[in-house]
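Taking it in order: structure first as structure tokens, then the write-up.
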Amino acid sequence: MRRAITIITVATAGAFMLTSCTSTPQGPEWEAWKVADLASDALEEAINQRPDVDCGKEPIIMYEGHKIRCDVLSPETKDIFGSDVTILGNERSGFTVNVKVDVYSKGSLQF
């Protein structure tokens, strides 16, 4: 009986140590429209057209490697595509983004 209690205690202490070591990424908070604007800039440079990008309404914590899902509106077809927007850089050097647009459309914008 004593051995089982020891094992449970060790497992519980290990789980506590793992969760207490996790930290929340630090960085400035930006409004989502500012990140969307960076993504639009990057896509405009790549395709010579400026698409509308929507990254939601919630503030985004800016740190290297942070991935955000955003919607991209094709300027030609008005199709909406999902995208992964990855934050690059830091507060000191400045932030840029890498945008990877999904292959398949989520649908079209209806007028």
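Collect the residues in the range 76-94 that are out of contact with any Phe, Trp or Tyr (no Cβ under 8 Å at 6 or more places or on another chain) and either within 14 Å of Asp41 (Cβ to Cβ) or small (Gly, Ala, Ser) (or both), keeping them in residue-number order.
Hits for the range 76-94 are Gly82, Ser83, Val85, Ser93, Gly94.
If the requirement is being buried (at least 17 other Cβ atoms within 10 Å of the Cβ), charged (D, E, K, R) and either within 21 Å of Val101 (Cα to Cα) or at pLDDT 95 or above (or both), which of these qualifies: Asp84, Asp52, Asp71?
Within the list Asp84, Asp52, Asp71, the selection yields Asp71.
Could we say that Glu64 is at pLDDT 90 or above and loosely packed, with under 13 Cβ neighbours inside 10 Å here?
No; evaluated as a whole, the condition is false for this residue.
Looking at the range 32-43, is at least one residue among the small types (Gly, Ala, Ser), at pLDDT 95 or above, in a helix (DSSP H, G or I) and in contact with a Gly (Cβ under 9 Å, 6 or more places away or on another chain)?
Step one: filter the range 32-43 for residues among the small types (Gly, Ala, Ser), giving 32, 36, 39-40, 42.
With the extra rule that they be at pLDDT 95 or above, the set shrinks to 32, 36, 39-40, 42.
Keeping just the survivors that are in a helix (DSSP H, G or I) gives 32, 36, 39-40, 42.
Restricting the remaining residues to those that are in contact with a Gly (Cβ under 9 Å, 6 or more places away or on another chain) gives 32, 36.
Within the range 32-43, one or more residues are among the small types (Gly, Ala, Ser), at pLDDT 95 or above, in a helix (DSSP H, G or I) and in contact with a Gly (Cβ under 9 Å, 6 or more places away or on another chain).
Please enumerate the residues belonging to the range 75-101 that are without any contact (Cβ under 8 Å) to a residue 24 or more places away in the chain and either out of contact with any Ser or Thr (no Cβ under 7 Å at 6 or more places or on another chain) or small (Gly, Ala, Ser) (or both). Talk me through it step by step, then tell me what you get.
Step one: of the range 75-101, the residues without any contact (Cβ under 8 Å) to a residue 24 or more places away in the chain are 84, 86, 92-94, 100.
Matches in the range 75-101: Asp84, Thr86, Arg92, Ser93, Gly94.
The values are calculated or read from the model by the stated rules, or taken from the named source; none is laboratory data. Every value quoted in this text rests on a predicted model; they were computed, and no experiment measured them. Cβ coordinates were reconstructed from backbone atoms using ideal geometry, including for glycine residues, and neighbour counts include every protein chain displayed.
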